[in-house]
Amino acid sequence: MQGLMMDYQLTLTPLMERARRLFPKKEIVTKAGPGLERYTYAQMTERVARLANALEKLGVKRGDRVATFAWNNARHLELYWAVPCMGAVLHPLNLRLPGDQLAYIVAHADDQILFVDPSLLPAVEKLAPHLKSVKHFVVMGDKVPEGTTLSPVSAYEDLLKNASPEYPWPNLHENDAAAMCYTSGTTGNPKGVVYSHRAIYLHSLGISMGDSFGLSERDALMPVVPMFHVLAWGTPFACTMLGAKIVFPGPHLQPRDLAELIQAEKVTLTAGVPTLWMGLLHLLETERYDLSSLRGMIVGGAAAPRSMIEAYEKKHGLTVMHAWGMTEMTPLGTVSRLKSYQLDLPEAERFAIRAKQGTAVPGVEIRAMDESGKEISWDGKAFGELQVRGPWIASSYYNDERSADSFKDGWFRTGDVVTIDSEGFIMIVDRSKDVIKSGGEWISSQDLENAIMAHPQVLEAAVIAVAHPKWQERPLACVVPKPDFKATLTKEDILKHLSARFTKMYLPDDVVFIEAVPKTSVGKFDKKVLRAQFKDYKLPE
Ligand code: ADP
């Protein structure tokens, strides 16, 4: 049979048009300095059309890459829509990466134009001599600061002022490239992932489903996850599609800034990595805020410790929505949400389930394979490497021969070691490179970390493998005490706390106290830095 349904391309343009027609009054708010800048979807979409005209004047053509070097703010959102809808490719750069990696990424992506936040200008000026592909810089403000070494350079507002507010959006194909992001490259150079219009369209529906985050027009979402980290997990696209209010924190990411913003703007949903919310939780021990507008905190990118999920719920009545995803997956994979018949389970069991990474959302298929390449059973015990496939999962890395290792037989190999229980909930045991191989056994560093972070006097903890003459590797716990307990917390306290849950084989051989756990460019624990630091560490006999 043929011709049953319309041949309708899933492109982003009608989603933006929807916001323009249906939600012109809805607001977009950005924290800028001490104040807030606010405007509406009517203004936003008009400025998007002006921006597309300006980009065309600058010579941007279909398929060209347009890079951004910016915090989460409204101008960045305008680029999110103008660039893909005119047929070019948005490329947000991770502004926390070292210069040599940024230069590599810009060259590899062949970025033609670079938009930069005024506050980040010095970093780009330093880098500019190495950015050979970039033909034009645009400062995302009213004027070009005097004395800048960037050239040629324009001011964002000048470009918009001189551009028409009407733009004839082209008809695009759903498989056209809309955006790209690079993984943070823990080994070797970062790898690029190109997202199609279709992937972002379907992913926007995916994060709006009731059983994922149920994002809707009634929400006010604050993406704390940077717009360069997997497109702020797709939230700016979905919010615009739905006409949801967006609250951008700009560069203001301290726990107090976030608490104030949630309170002032009645934020209903937030999204970000666990370290942010650990910080906020700590603040809430001593300062009071009215966070009652919050219906959920989307936490992913690294494991949300069960103790954190529990503390938010019990002490503050706030719900953590634990999710797992990857750059290669636009990023949503699984969400940990209790099934209807799990709601009546005893409290401890409910929290144990919610601390897992959850079940695959519709659109994502999963399986996990053991070392011999056999699919593991869903018994919650067997370990295997998670593989995924679906319409918003990449089929290769961008121009990268490393693709062959990760994309095989139509599945993407995630590099995450998991168990899958009989209800289909995955639990990330570890990243394959973090798991501690002790004798024939695998010890989950994440499991130990979460248990240590449940200690009331601990702020953060990371567990790494240290070489051992007999066992090959043994766990070393690197612990950051809360400020009041720096002088008093001991190794014995930690081990005693752990021995309630773990057998001797799993207990760390040693505990060291450190000032802070090093973080990656997207705020995750950077264990490769710790591993290097403790490379020659002598464990006690
Ligand atoms: P990077 O490699 O730069 O960290 P991603 O943000 O794409 O880039 O990281 C994806 C990885 O983050 C996953 O493979 C997984 O190891 C980890 N991760 C993401 N969400 C979770 C989660 N909820 N729990 C545990 N690990 C997670």
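The values are calculated or read from the model by the stated rules, or taken from the named source; none is laboratory data. If you're wondering where the values come from, they're calculated on a predicted model, not measured in any experiment. We place every Cβ from the backbone using ideal geometry, glycine too, and count neighbours over all the protein chains shown. The protein model used for the area step is the full one, side chains on, heavy atoms only, and it has no ligands, DNA or RNA in it. Shrake-Rupley method; radii C 1.70, N 1.55, O 1.52, S 1.80 Å.
Close amide H contacts of Ile113 (hydrogens built in the peptide plane, cut-off under 5 Å, sequence separation of 5 or more or a different chain): Ala67, Lys135. Which FRET efficiency value, to the nearest 0.05, do you get for Asp484 and Asp370 by plugging their Cβ-Cβ distance into 1/(1 + (r/R0)^6) with R0 = 51 Å? About 0.65, to the nearest 0.05.
Pairs spanning more than 20 Å between alpha-carbon atoms, out of Lys31/Lys57; Lys433/Lys519; Lys57/Lys126: Lys31/Lys57; Lys57/Lys126.
Residues whose amide H lies under 5 Å from that of Ser395, counting only those 5 or more places away or on a different chain, are absent; hydrogens are built 1.01 Å from N in the peptide plane. Solvent-accessible surface of protein heavy atoms, probed at 1.4 angstrom with all chains present, puts Lys245, Lys132 in the order Lys132, Lys245, largest first.
Heavy-atom accessible area, probed at 1.4 angstrom with all protein chains present, ranks Arg337, Arg75 as Arg337, Arg75, highest first. The GluC sites (Glu not before Pro) of the range 319-391 that meet both conditions, a loop assignment by DSSP and at most 13 other Cβ atoms within 10 Å of the site Cβ, are Glu371. Say R0 is 51 Å: what FRET efficiency, to the nearest 0.05, do Glu217 and Ile514 get from their beta-carbon distance? Here the calculated transfer efficiency is 0.70. Close amide H pairs (under 5 Å, H built 1.01 Å from N) link Arg295 with Leu269, residues at least 5 positions away or on another chain. The magnitude of the dipole of the chain, with charges of +1 and -1 set on the Cβ of Lys/Arg and Asp/Glu and taken from the Cα centre, is near 360 debye. Modelled spin labels at Asn399 and Asn175, positioned 7 Å past Cα toward Cβ, are 2.1 nm from each other. Estimated at 0.36 nm per residue, the fully extended path between Asn189 and Lys339 surpasses their Cα-Cα distance by 50.0 nm. Counting 0.36 nm for each residue step from Lys135 to Asp421 and taking away their Cα separation leaves a gain of 97.7 nm. At the residue level, Asp536 shows approximately 120 square angstrom of accessible surface with a 1.4 angstrom probe and all protein chains present.
Note on Arg501/Lys266: beta-carbon distance plugged into 1/(1 + (r/R0)^6) with R0 of 35 Å gives a FRET efficiency of 0.35.
Note on Thr488: accessible area is roughly 90 Å² with a 1.4 Å probe, heavy atoms of protein only. Largest accessible area first, the residues Lys61, Lys191, Lys31, Lys519 order themselves as Lys61, Lys519, Lys191, Lys31 under a 1.4 Å probe with ligands, DNA and RNA left out. Between the range 110-188 and the range 46-75, the C-alpha centres lie 7 angstrom from each other.
Evaluating 6.51 cos²θ - 1.76 cosθ + 1.60 at θ = phi - 60° for every residue in the range 297-305, the Karplus couplings come out as 10, 7, 10, x, x, 7, 5, 7, x Hz, glycine and proline recorded as x.
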